[in-house]
Amino acid sequence: MSDESAEVVVVEDEEDLAFLLRQNLETQGYRVTTCGTLRAARHALEGARPALLLLDVNLPDGTGFDLLGELRRAQVWTPAIFLTARSAEADRLLGFAVGGDDYVVKPFSMAELLARVAAIVRRSQLTRPPEASFPTFRIDFERYVLHRVGQEPAPLTYLESELLRYLIERPGEAVSRNTLLNEVWGYDRFPTTRTVDTHVLNLRKKLEEDPKQPRHLLTVHGIGYKFVA
Ligand code: CA
């Protein structure tokens, strides 16, 4: 773990909320940069290596989805949590599709948000093996990229990468959805274990030759999932 405190970049145009987030995050020991527009955020992120992004969706000059899409296309894999008043499933899925790791609907509990932030930052700072290699694929856990033989590299979200890592570290072991929520997401108040299923489905699309007939990420009926090399 580094001595320097982790930086969180908050992109939020509601000034009261941005202020409240800054105060709470600083109390937890993070360095905080707040931006009210995409333009300001692009500027703040030049050359910066924050531990986490907190992104509002509706901003004066675009959306948080736009910004994260730009960053992911530029191969920037900083973990991101969306903060938004939108709660429709379609928006939630769009958030994950552009590479977001989590999604918090306003008004949210500050304690819960801080727990999610702490879980992601803590995990991103642990010293662990940087990759896992198998005959037909390799996962780069530091850059969140899946390399498959003969295919373009596939970016993983932070949580997809951590979920895969957790299962790979326990080959053949059936792990329950609740265990995955506690150990990978790092808090136990997430509204639904379906989140785990959504992430596994997305991972299979990237990892498996035939996502409908998975050979590595297997469902264990009545329990959860297991990884088989
Ligand atoms: Ca807003």
Take every DSSP beta bridge whose two residues both sit in the chain, then give the antiparallel share in percent to the nearest 5.
50
Can you compute log10 of I(q)/I(0) for the chain with the Debye formula, treating each Cα as one identical point scatterer, at q = 0.09, 0.10, 0.16 Å⁻¹?
-0.36, -0.45, -1.16
How long are the semi-axes of the equivalent ellipsoid of the stretch 1-110, taking √(5λ) for every eigenvalue λ of the Cα gyration tensor, in whole Å from largest down?
20, 17, 13
Label Thr193 and His147 with points 7 Å out from Cα along Cα→Cβ: what is the distance between them in nm?
3.6
Looking at the stretch 1-136 only, what percent of DSSP beta bridges run antiparallel? Nearest 5 please.
10
Over the chain, with every protein chain in place, what whole percent of the accessible area is carbon and sulfur at 1.4 Å, could you tell me?
49
Ordered by packing density, taken as the mean number of other Cβ atoms within 10 Å over each peptide's residues, highest first, how do 149-158, 49-58 rank?
49-58, 149-158
State whether the stretch 105-144 is rounded, prolate or oblate according to the following rule on the C-alpha gyration tensor (a ≥ b ≥ c being the square roots of its eigenvalues): a/c under 1.5 gives rounded; otherwise a/b larger than b/c gives prolate, and the remaining case gives oblate.
prolate
Taking only protein heavy atoms and a 1.4 Å probe, what accessible area per residue, in Å², does the chain have with all protein chains in place?
50
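The values are calculated or read from the model by the stated rules, or taken from the named source; none is laboratory data. Because the structure is a prediction, the values reported are computed rather than measured. Methodologically, a virtual Cβ is constructed for each residue, glycine included, from the backbone with ideal geometry; neighbour enumeration extends over all protein chains shown. Only protein heavy atoms, including side chains, enter the accessible area calculation; ligands, DNA and RNA are left aside. Shrake-Rupley method; radii C 1.70, N 1.55, O 1.52, S 1.80 Å.
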